[in-house]
Amino acid sequence: MRYAILSSAIFSLMLISCNNQPQPKYPGASEMSDPGDVSIRLPDHVMPVLGCWFWIDEVLQAPQFKKFLDQVSSHSPYNLLTTSFRIPEKEITEDDFHQQIKLAAEYAREKGLSLVVDLDVRLARRAFQSAYPDELQEMVMLEELEFNGGEAIEGVVHSLDLNDHYTFRTTHYIPLKGSFLRAYSYVKTDEGILPNSLKDISSNCELVSVTKDSIQVRIPTNDEQVSSHVCIMVSFTHLAADVFAPHLIEFQRELIRSYADVPLAGACKDEWGFPPNYDGNPKKNQFWYSMHRAKAYADRTGGRELLGDLLLMHLSIEGKESERQMVINHFMEMSWQRNSELEDDFHNTVKEVFGPLAVSATHPTWWPYPDLNEYKKNGLHWWASTRDWAQTDEHTPYPVRTALSKKWGSPIWYNMYYADNKRNYETSIWSHALAGGRINYHPIYPNPSSLVDRDLELLKGDLMRAESRIRLLNYICHSPLDCPVAVIFGHACTMNWAGPSYDDVGLALADSLWRQGIPVDLIPSSEIGNNSLVIDEDGFIRYGQQRYAAVILYHPEFEKKSTAEFFNKAAEGRTGLFRMGDWTQEFNGQAYNWNEALPQAMIAIEEIPFIVSEVRQLLHEEAIQLQTPATGTLTYSTHVFIEPPTTGYCHLIDGTVIHLAGTKNVSGDLIQSTIKIEGQQVTFDAIGVAAARLNEEGKVEAMAAGGLKTFKAPGLAFSLDERTDIALWLNEKGKWEGVIQGWEGDVPQELLVLTKKWSRLGVPVPYPEQRTIK
């Protein structure tokens with residue numbers, strides 16, 4: 001048996017029928033010994049609850065993993081544990097490591113849990129180095145020096161010690177060796193290098209010192225010296241697999257296959273890409289390189305030499321402005337394309353090894369903001385890296401989360417969230433849910449010294465009670481948040497530092513719309529080229545299940561001709577078209593007034609307030625209902641962006657309308673309201689969660705509520721003596737079926753009148769509070 005992942009194909013079937021059909025069980029599904037037993041976990045056919053588990057040294061000792069699994073199985077509603085490792089000098093290729101993972105997976109299954117284990121090649125870097133020593137990642141670094149009269153000059157370039165969460169508590173992506181590559185001399189003006197002055201002087205250079213830590217080069221001069229500057233080019237090889245290594249995919253596959261004997265629900269590949277760099281490379285003088293990447297670059301550019309072009313990417317050369325933009329476009333595009341190729345192969349191999357319903361996790365987001373840091377890491381490949389469900393992390397902007405849920409056919413998105421205090425989780429859980437998402441619970445981080453056990457801190461208090469109420473929505477909600485507008489940003493333009501709009505994906509525009517109660521999906525223009533964005537049979541631009549009333553093309557500089565063709569076809573349809581930013585060059589640098597290649601029906605507006613006004617008017621004319629404005633803010637690094645509130649209304653593509661309230665009480669606030677759905681009034685007296693969907697006849701076909709006291713809607717009305725968590729839906733036979741959560745005793749008669757087909761769902765008992773360390 002493999003995990004019932006509810007992939008896009010399965011959810012397409014669910015959307016057609018709008019009912020809760022049984023699906024295969026996943027590994028670790030609890031087999032109750034007594035039919036009267038009540039599980040605290042969602043059944044296999046419902047989107048699961050996710051938690052994180054990070055192993056440290058002690059977990060490798062045989063019985064240690066049981067403590068965590070025992071507590072989580074009793075005190076959390078988690079179905080799946082995305083499991084990774086923070087263990088010094090150990091690799092997942094080692095037999096004892098493999099055996100311990102197997103024992104833990106088997107024990108987790110006994111406890112009704114399933115593990116999705118990190119099987120990324122970064123956890124086996126020494127093994128890869130041993131197998132393929134000539135396929136390690138290099139970083140080329142360029143250093144410009146200025147001649148001072150007729151004196152010789154010396155330059156020193158230092159390597160970088162790079163690290164991330166994969167190297168936490170173990171060896172970093174350390175430099176292993178250094179190499180001098182070449183040096184150029186030239187005359188430089190304010191406009192750039194004079195092309196006729198550019199000369200390769202590599203043979204004239206003296207290598208003073210070459211180590212893994214630094215390279216020192218001496219450049220002699222003579223009386224005939226006319227150059228004003230010199231640029232030295234060196235390379236450092238790091239303890240990391242080359243992203244373009246010819247054997248990397250084979251190694252990745254064999255690594256996953258080596259765990260075929262372990263009862264896993266799937267495998268993780270987290271924050272994939274080149275080794276991390278946290279300053280965004282402001283001088284544009286550091287480039288991920290290898291001879292294998294150089295060959296791939298030559299193949300796609302008609303034989304151009306990558307090392308020579310790296311100088312052009314670093315420094316402008318007079319008269320070669322368009323050529324410079326073109327080579328940057330190719331260099332950056334091959335980054336996201338190769339990284340997504342590796343992600344997709346991981347996804348497919350997980351299915352091959354653990355079965356078609358196995359989970360591929362976790363998130364492709366790293367930084368996690370779509371800016372220059374992410375460009376260097378992976379080329380901003382998030383939308384092209386296949387996942388079963390939309391998965392992000394930390395403070396990834398909400399327009400990205402909702403867009404990914406459309407791309408992968410995911411009714412909800414998961415965000416691996418952490419903070420340094422539990423209170424932030426207690427508010428974020430409601431903001432996540434109001435935007436159609438759920439938290440994948442990462443332990444508190446950084447870990448305050450006062451916490452006795454950070455891994456279990458989230459299981460205390462009412463946080464898991466809030467999760468238990470929100471998860472009722474998973475029974476009835478089969479589609480993502482309805483976002484009637486898309487911002488499609490120029491993928492090449494935002495990553496081209498020689499272009500007009502570097503490092504701008506249009507989030508200020510997207511956030512402005514969210515603040516007006518208009519949820520927006522943020523999508524790169526490369527999703528046009530790979531046919532993920534389409535024009536459907538009714539003339540709407542569509543992304544997965546989402547049809548757009550309006551689409552804004554944002555900064556289209558360097559787009560390909562296919563973009564113009566797509567929007568000219570879309571202009572014949574029903575989606576309103578807008579543009580911000582000019583288009584004067586295409587991807588390969590061909591200059592033209594490409595604005596004229598776009599349809600006349602596409603309205604060009606340069607000011608955000610004006611375009612927001614136009615879009616809002618269009619939605620009003622189309623009678624599209626606004627949702628609760630995103631009034632909160634998130635801050636990440638230097639970025640400030642929107643967050644939905646903890647109380648409000650939203651609606652999904654399938655017509656479900658949801659009212660959430662979690663501002664005053666962690667487990668939910670009182671909801672006594674009447675909402676209008678398709679012109680019909682629906683009344684709730686509930687706590688925290690209230691949701692309903694009507695059918696074409698205007699009658700209820702599904703509802704869910706926490707602490708429900710009263711429900712009244714066309715075709716269905718009832719009151720309960722005691723507040724109860726329930727979800728109720730019409731099944732494939734058109735008969736009522738429901739779940740009652742946390743209820744002891746007989747099912748209330750008021751519910752039995754509706755249907756005898758009620759299942760029970762338990763609520764986890766909070767983990768007991770313990771004394772803090774003083």
Whole-Å distance, taken between Cα centres, linking region 476-551 and region 574-634: 10 Å
Eligible lysines near Lys422 by straight Cα distance, threshold 23 Å, same-chain separation 8 or greater: Lys67, Lys460, Lys664, Lys774
Added length on full extension, which subtracts the Cα-Cα distance from 0.36 nm per residue, Lys561 to Thr189: 130.4 nm
Separation of the Ile624 and Asp536 label points, Cα + 7 Å toward Cβ, nm: 1.2 nm
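Phe610 to Leu160: extension gain in nm, 0.36 nm per residue of separation minus the Cα-Cα distance?
Numbers: separation 450, 0.36 × 450 = 162.00 nm, distance 4.59 nm.
Gain on extension, Phe610 to Leu160, equals 157.4 nm.
What do you get for trypsin sites (Lys or Arg not before Pro) in region 549-651 restricted to DSSP loop and a cutoff of at most 15 other Cβ within 10 Å of the site's Cβ?
Numbers: sites: Lys560, Lys561, Lys569, Arg574, Arg579, Arg616; in loops: Lys560, Arg574.
Within region 549-651, the qualifying trypsin sites (Lys or Arg not before Pro) (loop, at most 15 other Cβ atoms within 10 Å) are Arg574.
Please sort by residue number the GluC sites (Glu not before Pro) in region 564-608 whose DSSP state is loop and whose Cβ has at most 14 other Cβ atoms within 10 Å. Provide the component values of the computation, followed by the final result.
Working: sites: Glu565, Glu572, Glu586, Glu596, Glu606, Glu607; in loops: Glu572, Glu586, Glu606, Glu607.
Sites meeting the loop and neighbour criteria: Glu572, Glu606, Glu607.
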Accessible area (Å², 1.4 Å probe, nearest 10) - Asp95: 130 Å²
Per-residue HN-Hα couplings for region 364-374 [Karplus 6.51, -1.76, 1.60; θ = phi - 60°; Hz; x = Gly/Pro]: x, 5, 10, 4, x, 10, x, 10, 4, 5, 6
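With a 1.4 Å probe and all protein chains left in place, how much accessible area per residue does region 399-481 have, in Å²?
Numbers: 1740 Å² over 83 residues.
Solvent-accessible surface per residue comes out at 21 Å².
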FRET efficiency estimate (nearest 0.05) - Cβ-Cβ, Lys676 to Arg723, R0 22 angstrom: 0.35
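Given the chain, what whole percent of its Cα pairs are spread farther than 39 Å?
Working: 122042 of 299151 pairs.
Across the chain, Cα pairs with separations above 39 Å total 41 percent.
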Between region 261-301 and region 743-767, the Cα center-to-center distance that results, in Å: 50 Å
Under 15 Å, Cβ to Cβ, from Glu737 - net charge with Lys/Arg +1 and Asp/Glu -1: +4
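Over the chain, what is the relative contact order in percent, taking alpha-carbon pairs closer than 8 angstrom and at least six residues apart? All intermediate terms of the calculation are to be shown ahead of the outcome.
On the way: 1735 pairs, mean separation 92.2, N = 774.
Computed value for the chain: 12 percent relative contact order.
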Set of lysines with alpha-carbon distance to Lys377 below 21 Å, sequence-local pairs under 8 removed: Lys269, Lys283, Lys284, Lys295
Where Tyr636, Tyr445, Tyr502 fall by accessible area, highest first, once all protein chains stay in place (1.4 Å): Tyr445, Tyr502, Tyr636
Net charge of Cβ neighbours under 13 Å - reference Glu146; Lys, Arg +1; Asp, Glu -1: -3
Other-chain or far-sequence residues with amide H under 5 Å of Leu239's (modelled H): Ile174, Leu176
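Need the full-extension length gain, Gln99 to Asn593, defined as separation in residues times 0.36 nm minus the C-alpha distance. One decimal, nm. Provide the component values of the computation, followed by the final result.
Numbers: separation 494, 0.36 × 494 = 177.84 nm, distance 6.26 nm.
Working it through step by step, the gained length comes to 171.6 nm.
Give me the percent relative contact order of region 587-690, please, defined on Cα pairs under 8 angstrom at least 6 residues apart. Please list the in-between numbers first.
Numbers: 105 pairs, mean separation 14.2, N = 104.
Result for region 587-690 is 14 percent.
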Amide H contacts of Ile603 (H built 1.01 Å from N, under 5 Å, at least 5 apart or other chain): Leu577, Phe578, Arg579
³J(HN,Hα), Karplus 6.51/-1.76/1.60, whole Hz, each residue of region 243-259, x for Gly, Pro: 4, 9, 4, x, 9, 5, 5, 4, 5, 4, 4, 5, 4, 5, 5, 5, 9
Accessible surface of the chain, 1.4 Å probe, proportion on carbon and sulfur as whole %: 47 percent
Inter-probe distance in nm under a simple model that places probes 7 Å from Cα toward Cβ, at Ser759 and Asp420: 4.2 nm
Folded to 0 to 90 degrees: helix 321-354 orientation relative to the chain principal axis, Cα: 40 degrees
Shape of region 621-774, Cα gyration tensor, a/c cut at 1.5: oblate
Tail weight of P(r) past 15 Å, computed on alpha-carbon pairs of region 466-560, percent: 66 percent
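Sorting check: for 729-735, 525-531, 42-48, which peptide has the highest mean count of neighbouring beta carbons within 10 Å, and how do the rest follow? Write out the running numbers ahead of the final one.
Numbers: 729-735: 14.0, 525-531: 18.6, 42-48: 21.6.
The most tightly packed comes first, giving 42-48, 525-531, 729-735.
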Protection proxy ranking, peptides 710-717, 483-490, average beta carbon neighbours within 10 Å, highest first: 483-490, 710-717
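With every protein chain kept in place and ligands, DNA and RNA left out, what is the accessible area per residue of region 159-232? Probe 1.4 Å, answer in Å². It would help to have the intermediate numbers written out before the result.
Values: 3830 Å² over 74 residues.
Dividing the accessible area of region 159-232 by its residue count gives 52 Å².
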Whichever aspartates and glutamates have a C-alpha closer than 18 Å to that of Lys676, once near sequence neighbours (fewer than 8 apart) are set aside: Asp482, Glu622, Asp654, Asp685, Glu696, Glu697, Glu701
Residue-normalised accessible area of region 539-610, given per residue in Å² at a 1.4 Å probe: 45 Å²
Distant-in-sequence amide H partners of Leu708 (H built 1.01 Å from N, under 5 Å): Ile687, Thr724, Asp725, Ile726
Arg438 accessible area, 1.4 Å probe, all protein chains in place, Å² to nearest 10: 10 Å²
From phi via Karplus (6.51, -1.76, 1.60), per-residue ³J(HN,Hα) for region 672-686 in Hz, x at Gly/Pro: 10, 8, 10, 10, 9, 10, 6, x, 9, 8, 10, 10, 10, 10, 8
Zone of Arg454's modelled label, taken as backbone nitrogen in region 84-123 under 16 Å from a point 7 Å along Cα→Cβ: 84-88
Over region 79-135, volume per residue of the alpha carbon convex hull, in Å³: 78 Å³
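The values are calculated or read from the model by the stated rules, or taken from the named source; none is laboratory data. Since the model is a prediction, treat every value here as computed from it, not as a measurement. For neighbour counting, all protein chains shown are included, and Cβ atoms are generated from backbone atoms with ideal geometry for every residue, glycine included. Note: areas computed on protein heavy atoms with side chains; ligands, DNA, RNA excluded. Shrake-Rupley method; radii C 1.70, N 1.55, O 1.52, S 1.80 Å.
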